[in-house]
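Contents: one structure, followed by commentary.
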Amino acid sequence: MVKEKEVQQAYEVAKSRYAELGVDTEQAIHRLQTVSLSINCWQGDDVSGFLNPNGELTGGIGVSGHYPGKARTPDELTADLHEGLSLIPGTHKVQLHTIYAVADHKKELNEVGPDDFKYWVDWAKQEGVGLDMNPTFFSHPMVKHNFTLASPDEAVRRYWIEVGKRSREIANYFGESLGQQAINNFWIPDGFKDNPIDKVDPRRRLLNSLDEIFTKKFDEKNTIESVEGKLFGTGIESYTVGSHLFYNNYAISRHKLWTIDVGHWHPTEDVSDKFSSFLLFGKGLMLHVSRPVRWDSDHVVIMDDALMRITRTLVRDNELARTNIGLDFFDATINRISGWVVSARATQKALLQAMLAPIDDLKKAELNFDFTQRLAETEELKSYPFGAVWDEFCLRNNVPVGLDWLKPIRKYEQEVLFKRS
């Protein structure tokens, strides 16, 4: 058990060390407190949802592992989320999908509306969190030949256009009810496994479908849309209709947010380099922070170099206000709640370390071509005691410090998760 006095003593030492560089640790703590992450609910139930929980996952999505304790009902999933959120410092949001509707009778995806998410809004009010939305365009018989909004079959397009329209009503309901903007993220799995003859018409159909979905105007204080591209997916290796460039252009021309999912790019590609290029022209970003070990493998987020590059860029370029940070992964080989806690805390740690730097001084050195100072300081900062500042941040938020967060999870595991059949 970490002792409070020892944490505070270590923090005072760290505070003094950083002050020597002109860094105010109190200011960094305050800034981190304002950052709200969007936690992905689907980690808790292996992307099953409640509309058809026994259905087969499609659309390039696959969950590995059979760790006991998967949430099977709305009450189980919200109880698990409560446990996870209680171990993450700060106030956050929870991302939902259409499949997480809690309906009083069996419904199709294109029939789900705001009333079917009253359960979640009531829970969010009690929990003190916001909600974000994602229309579900996968794992359904109406995904015909790997196509939804870009399908040449008008009946298929009409079905999915209605799903998209209803998701916007749901997201607006979230915003109105909870008093904070709900991001509604659009991703579709459309494409071809082999080389297509026609590359433009599918994208024209997608363009028209999206434009129809977004015709109705909603107050942006309640909700705003983001659009998410992908290089390729399982079953659409040769051609993805909703490519990165398509959605980049769509977001700029339609005044939407552009979603960058870290797992949708090559694992060696630095996605953080795209932020400044887009934000000079675009409205804002939605991030899906994941860890692509072998492409879009959606591993639990850890504090690796890729995450550090992302958070450093957001902090150094002062773009946190225009960037929404969501988590996106699913891992059933481990305790599912631990995935939320590890990922959220890793993201917060990376943000904090980025904030604990003399950014203005470093920019000034760079502007004067003093690359020696830039290199020396950024390298030394890697071994500065940011962990002591993180522990203090956890202490002030009344969450466990260090590895102490694992103890309540193990207890919950024995008393709750392992008793689920």
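Only Cα pairs under 8 Å and 6+ residues apart enter the sum, and on that basis the relative contact order of the chain stands at 21 percent. Within the listed set S151, S86, S253, the Gaussian network model of the chain (springs between alpha-carbon atoms below 10 Å) gives the highest mean-square fluctuation for S253. Take the chain and mark each of the trypsin sites (Lys or Arg not before Pro) that is in a DSSP loop with at most 16 other Cβ atoms within 10 Å; the longest unmarked stretch, sites excluded, is 295-381. Using a cut-off of under 17 Å, list every residue of the stretch 2-39 whose amide N is near the label point 7 Å from the Cα of L403 along the Cα-to-beta-carbon line. Correct set: 2-3. May I ask you to derive the FRET efficiency for K419 and Q180 from their Cβ-Cβ distance with R0 = 45 Å, giving the value to the nearest 0.05? The computed FRET efficiency comes out at 0.80. Only one residue of Y18, N398, N40 has its Cα farthest out toward the positive end of the dipole of the chain, where Lys and Arg carry +1 and Asp and Glu -1 on Cβ, and that residue is N40. Separation of the stretch 169-193 and the stretch 212-253, taken as the distance between their Cα centroids, equals 11 angstrom. Here the Gaussian network model covers the chain, with springs between Cα atoms less than 10 Å apart; of L307, L21, L403, L403 fluctuates the most.
Projecting label points 7 angstrom from Cα along Cα→Cβ for K199 and D75 puts them 5.4 nm apart.
As a proxy for reagent exposure, I29, I170 were ordered by neighbouring Cβ count within 10 angstrom, fewest first; the result is I29, I170.
Using a cut-off of 19 Å between Cα atoms, the listed pairs K107/K193; K125/K283; K230/K274 include K107/K193; K125/K283 as exceeding that distance.
Extension gain, A321 to I302: 0.36 nm times the residue separation minus the Cα-Cα distance gives 4.5 nm.
Were the residues from S16 through L231 laid out at 0.36 nm apart, the gain over their Cα-Cα distance would be 72.8 nm. Under a model in which nothing but the beta-carbon of Lys, Arg (+1) and Asp, Glu (-1) is charged, the chain shows a dipole of about 320 debye around its Cα centre. Helix 406-415: angle to the longest alpha-carbon principal axis of the chain, degrees 0 to 90, nearest 10? Between helix and principal axis, roughly 40 degrees. Inter-part distance, the stretch 373-421 to the stretch 63-98, computed on C-alpha centroids, equals 18 Å. Going by neighbour counts of Cβ atoms within 10 Å, the residues F232, F329 line up, fewest first, as F232, F329.
Projecting the Cα atoms of G128, F371, I170 onto the dipole axis of the chain, where Lys and Arg carry +1 and Asp and Glu carry -1 at the beta carbon, places I170 farthest toward the positive end.
E154 to R254: FRET efficiency via 1/(1 + (r/R0)^6), r the Cβ-Cβ distance, R0 25 Å, to the nearest 0.05? In this case the efficiency is close to 0.65. If R0 is 25 Å, the Cβ-Cβ spacing of E379 and L280 corresponds to a FRET efficiency of close to 0.30.
Between N185, N195, N398, the Gaussian network model of the chain with springs among Cα atoms under 10 angstrom shows the greatest mean-square fluctuation at N195. Modelled spin-label separation between D270 and D361, with each label point placed 7 Å from Cα along the Cα-to-Cβ direction: 2.4 nm.
For the stretch 1-61, applying the loop criterion from DSSP together with a ceiling of 12 other beta carbons within 10 Å to the GluC sites (Glu not before Pro) yields E20, E56. Between the listed residues S297, F278, G229, the Cα displaced farthest toward the positive end of the dipole of the stretch 212-345, a dipole computed from Cβ unit charges relative to the Cα centre, is found at F278. Under a model in which nothing but the beta-carbon of Lys, Arg (+1) and Asp, Glu (-1) is charged, the stretch 347-421 shows a dipole of about 620 debye around its Cα centre.
Any read-out appearing in this document is the output of simple, stated calculations on the displayed coordinates, not a laboratory observation. Note that the structure is a prediction, hence the values are computed from the model and not measured. Because the Cβ atoms are built from the backbone with ideal geometry, glycine has one as well, and the counts that use them run over all protein chains shown.
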